[in-house]
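Written below as structure tokens is the structure these notes are about.
The values are calculated or read from the model by the stated rules, or taken from the named source; none is laboratory data. This is a predicted model, so every value here is computed, not measured. Cβ placement follows ideal geometry from the backbone for every residue including glycine, while neighbour counts extend to all protein chains displayed.
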Amino acid sequence: MTKGEKIEKIKEYFPEVEKIKDLKFKNAVIDIWVRVWEESTWDDLNECPFNPAFPDISLISHVNTVLELVMSSAFILEKNYPELKFDQDLLITGVLLHDVSKVVEIKKGDDGKPTFSEMTKVMPHAVYGAHLSMAHGLPLKVANVILSHTRLTGTLPQSKEAVLLHYIDYGMADVLRSNRSLKLLLDGGPTYGK
């Protein structure tokens, strides 16, 4: 698949990218997804799970679900608390990139089943995604949204957008874990990639 075809696939996989008004943000999101795809072992991004513990849930589905939950929550919060105004570009960009590094943090194992890559042994989840966001000229506030969505980086959210993503992402993961009788992240859960 050519780079141009991958760009079109990313737009297809993540249609909400078109709602980003700032072209710098929009183009960076697309370029970062294409870059990690090209660095990964995945021919088809739909095959990459959001976690090896959930091989039947694609990363694409996870990111889009989290985005829908975050945007719906932001709308409801703004409606009921007029003092709150969320930066829509920051929200969409941050959510679309929060787990982008999983494309290279998760790989197909020798048995064909998804497993964690060596990257998860040398750096915490989300660090690479935050690095790529800065390398593509996005502001530090985007890197903070990416880094602070997980407790694994030890980074605290610096914006209401980052706080909202953090809690929704963890909440959704724990709902899925609860449904499958797995240990909750809230209760210490598993250590990602270790």
Study note, to complete from the structure: Result of the Cβ filter at 9 Å on the stretch 170-194, keeping first residues that are touching a residue at least 12 places away in the same chain (Cβ under 8 Å) and partners that are assigned to a helix (DSSP H, G or I) and acidic (D, E), at least 6 apart or interchain, is D174/D187; L185/D174; L186/D174; G189/D174; Y192/E105; G193/E105
Practice item. Name the one entry in K9, K19 that is farther than 21 Å from L138 by Cα and out of contact with any Lys or Arg (no Cβ under 7 Å at 6 or more places or on another chain). Key: K9
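For the stretch 81-194, which fully contained helices (runs of 4 or more DSSP H) count at least 3 residues that are surrounded by fewer than 17 Cβ atoms within 10 Å (Cβ to Cβ) and not charged (D, E, K, R)?
127-135, 160-179
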Revision key, fill the gap. Considering residues that are surrounded by 14 or more Cβ atoms within 10 Å (Cβ to Cβ) and of a type in the set (D, E), the number found within the stretch 4-21 is 1
Study note, to complete from the structure: Given (1) more than 27 Å from A173 (Cα to Cα); (2) in contact (Cβ under 8 Å) with a residue 12 or more places away in the chain, A28 misses just (1)
Exercise for review: Could you list, in sequence order, all residues of the stretch 47-58 that are in contact with a helix residue (DSSP H, G or I) (Cβ under 6 Å, 6 or more places away or on another chain) and either surrounded by fewer than 22 Cβ atoms within 10 Å (Cβ to Cβ) or at pLDDT below 95 (or both)?
Suggested key: S58
Practice item. Scan the stretch 70-89 and report the pairs whose first residue is in contact (Cβ under 8 Å) with a residue 60 or more places away in the chain and whose second residue is in a loop (DSSP other than H, G, I, E, B) and among the β-branched types (V, I, T), with Cβ atoms within less than 7 Å and a gap of 6+ or a chain change. Key: D89/I20
